[in-house]
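Student: Quick one: this structure, given as structure tokens, is what I'll be asking you about.
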Amino acid sequence: MLAQPFTLAHVGYMLNGVLWTLALSALAFVFGGIAGFGVMLLRISRFRAVRIASLVVVQIVQGIPLLVILFAVYFGLGIFGFQVAPIIAAGVAMMIYSAAFLAEIWRGCVEAVPRTQFEAAECLALTRWEALRKVILPQAFRLAIPPTVGFMVQVVKSTSLASVVGFVELTRAAQIINNSTFQSFLVFGIAGAFYFAICWPLSAWSRTLERKLHVGRH
Amino acid sequence: MSAVIELKDVHKSFGQVEVLKGVSLAVERGEAIAVIGRSGSGKSTALRCVNRLETIQSGEINVCGHPVHDPKLDVRKLRLDVGIVFQSYNLFPHLTVEENIMLAPVTVKKLRKAEARALAAQALARVGLAEKAQSYPEQLSGGQQQRVAIARSLAMQPQVMLFDEVTSALDPELTGEVLRVMEDLAKGGMTMLVVTHEMGFARKVADRIVYMHQGRVWEVGDGSMLANPQTPELRAFMAHDL
Ligand SMILES: Nc1ncnc2c1ncn2[C@@H]1O[C@H](COP(=O)(O)OP(=O)(O)OP(=O)(O)O)[C@@H](O)[C@H]1O
Ligand SMILES: [Mg+2]
């Protein structure tokens with residue numbers, strides 16, 4: 001087979017892949033964030049059984065490679081007769097994965113707020129939920145921004161795994177182009193540059209936030 | 001029945017360690033009681049039991065008609081009647097002074113913002129900090145923060161105020177301003193239970209002084225009790241303190 005020359009059209013194709021990478025990242029982050037918030041609430045529940053059950057689930061998810069979760073969702077649902085589109089499978093898998101990690105990150109932030117803050121709120125007759133919403137979460141939120149943004153970088157890079165179920169995001173797009181142009185170094189070099197262009201601003205932002213939070217508390 | 005706070009033979013243990021060994025005490029409406037005693041004698045624990053921050057093993061506690069010992073107690077209703085101020089202020093750092101004070105009236109009592117703001121202004125004036133409404137806690141001195149904590153509690157219009165060594169974390173020159181606020185409160189007829197190391201305050205402001213020793217109420221009396229202890233333990237405590 002003759003190698004095709006690498007053209008601007010290929011770059012366009014990869015840019016399209018970038019869009020899907022961003023879309024998948026956003027899906028993972030938004031739905032993973034919503035689910036993760038719910039799981040975080042379970043992790044700090046008043047009821048021991050709920051805390052333990054949610055801990056077990058989180059530990060299991062964290063102990064399984066994302067790739068395996070992805071296969072489990074993609075092929076697993078197929079067994080039950082659901083033909084899931086690659087983006088759905090990848091989205092669901094990334095959501096499960098992100099939820100487990102975000103839940104733990106955020107739980108740590110909630111627990112980093114001194115217990116006495118909770119006590120003070122309760123002594124003013126606030127309910128547990130009111131205290132959480134008005135006193136604890138606003139303080140935890142500030143602590144959570146840097147590690148959350150840091151995790152977003154992980155999410156963006158992890159979306160490359162979705163290429164194995166045939167979802168054409170950036171990595172898959174690069175692979176397809178490489179298969180016809182055989183310009184591996186160039187093609188994957190460009191793909192790497194695109195990932196870097198997405199992730200580096202996020203990391204830089206996270207670092208700035210961290211610095212700011214160290215300086216002032218409001 | 002006129003006692004606003006009543007403890008009857010209260011026992012409290014942390015694990016195997018019995019910290020309160022049968023504490024009984026009755027506080028009348030409008031009384032200011034100073035609780036003194038060595039470190040570890042159970043003063044804070046007794047105070048925390050009164051507003052159910054701790055649950056007791058046996059005995060009875062009644063506060064403003066709430067059976068605090070009852071496991072089915074509506075803790076929220078109790079806390080509406082009982083204010084507490086801690087040594088460590090515990091202001092909410094992400095809120096301004098005014099917001100700190102408005103939070104509970106708005107959230108719990110469902111007051112409108114404007115009403116709550118007026119209430120906050122009133123409470124701040126009472127502790128002499130009207131001009132600090134828009135400051136954040138970290139911009140205030142320890143004494144000012146503690147007075148805001150008192151104002152925050154007062155804004156809920158409690159029947160009873162509990163104070164746990166509220167001046168212990170303060171530099172000596174800042175304790176006076178906080179003690180003065182508490183003295184005004186006592187003069188205004190607030191029912192107060194004050195755990196303190198400030199013997200001057202106990203002598204001058206308290207209607208009665210309770211000396212706790214090893215988880216028991218060891219001696220109760222008025223200001224003269226400090227000059228004239230009846231038990232060797234209080235005598236030793238006073239000698240050590242002076
Ligand atoms: N949450 C807890 N768990 C276990 N032990 C506790 C707890 N809180 C208090 N204690 C123990 O109970 C005893 C009484 O403590 P408490 O804080 O009531 O004393 P205190 O009279 O307030 O002392 P201080 O003057 O130092 O504040 C101490 O021996 C303390 O170690
Ligand atoms: Mg104490």
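None of the figures in this text is laboratory data; all of them are computed from the coordinates on show. In this text the structure is predicted, and so the values were computed from the model without any measurement. FYI the Cβ positions are ideal-geometry reconstructions off the backbone, even for glycines, and counts take in every protein chain you see.
Student: Find the helices (runs of 4 or more DSSP H) located wholly in the stretch A:104-218 whose residues include 1 or more that are among the acidic types (Asp, Glu), and list them.
Tutor: Values: elements: A:115-123, A:128-131, A:137-158, A:170-181, A:184-215.
Output list reads A:115-123, A:128-131, A:184-215.
Student: Now for a different question. Go through the residues of the stretch A:107-123 one by one and say whether even a single one is within 10 Å of another protein chain (Cβ to nearest Cβ), buried (at least 22 other Cβ atoms within 10 Å of the Cβ) and in contact with a strand residue (DSSP E or B) (Cβ under 8 Å, 6 or more places away or on another chain).
Tutor: yes
Student: Do the conditions hold for residue B:36, that is, is it away from chain A (no Cβ under 14 Å), within 16 Å of ligand 2 (Cβ to nearest atom) and not charged (D, E, K, R)? It would help to see each step written out before you state the result.
Tutor: Working: away from chain A (no Cβ under 14 Å): yes; within 16 Å of ligand 2 (Cβ to nearest atom): yes; not charged (D, E, K, R): yes.
Spelling it out, residue B:36 is indeed away from chain A (no Cβ under 14 Å), within 16 Å of ligand 2 (Cβ to nearest atom) and not charged (D, E, K, R).
Student: Could you tell me whether any residue of the stretch B:119-136 is within 9 Å of chain A (Cβ to nearest Cβ) and farther than 14 Å from residue A:121 by Cα? Spell out how you get there, then give the answer.
Tutor: Residues of the stretch B:119-136 within 9 Å of chain A (Cβ to nearest Cβ): B:136.
From what's left, farther than 14 Å from residue A:121 by Cα: B:136.
There is at least one residue in the stretch B:119-136 that is within 9 Å of chain A (Cβ to nearest Cβ) and farther than 14 Å from residue A:121 by Cα.
Student: Of everything in the stretch B:105-129 that's hydrophobic (A, V, I, L, M, F, W, C) and over 14 Å from residue B:154 (Cβ atoms), which residue is farthest from the chain's Cα centre (by Cα)?
Tutor: From the stretch B:105-129, those hydrophobic (A, V, I, L, M, F, W, C) are B:106, B:108, B:111, B:114, B:116, B:118-121, B:123-125, B:127, B:129; that's our starting set.
After this cut, where a residue has to be over 14 Å from residue B:154 (Cβ atoms) as well, the list is B:106, B:108, B:111, B:114.
Values: B:106: 23, B:108: 21, B:111: 25, B:114: 28 Å.
Restricting to residues being hydrophobic (A, V, I, L, M, F, W, C) and over 14 Å from residue B:154 (Cβ atoms), the top hit is B:114.
Student: For the stretch B:53-93, what are the residues that are within 14 Å of another protein chain (Cβ to nearest Cβ) and among the charged types (D, E, K, R)?
Tutor: Within the stretch B:53-93, B:54, B:74, B:76, B:77, B:79, B:81 meet the criteria.
Student: Could you tell me how many of the residues in the stretch B:21-46 are surrounded by 17 or more Cβ atoms within 10 Å (Cβ to Cβ) and more than 8 Å from ligand 1 (Cβ to nearest atom)?
Tutor: Here the count works out to 9.
Student: Spot the failing condition for residue B:161; the list is (1) more than 14 Å from chain A (Cβ to nearest Cβ); (2) away from ligand 2 (no atom under 16 Å from the Cβ); (3) among the aliphatic types (A, V, I, L, M), and only one is missed.
Tutor: Against the list (1) more than 14 Å from chain A (Cβ to nearest Cβ); (2) away from ligand 2 (no atom under 16 Å from the Cβ); (3) among the aliphatic types (A, V, I, L, M), residue B:161 comes up short only on (1).
Student: Are there any pairs with C-beta distances below 9 angstrom linking a residue in the stretch B:37-48 that is in contact (Cβ under 8 Å) with a residue 24 or more places away in the chain and among the basic types (Lys, Arg) to a residue that is within 9 Å of ligand 2 (Cβ to nearest atom) and not in a strand (DSSP E or B), with the two at least 6 apart or on different chains, and if so which?
Tutor: From the stretch B:37-48, the pairs are B:43/B:165.
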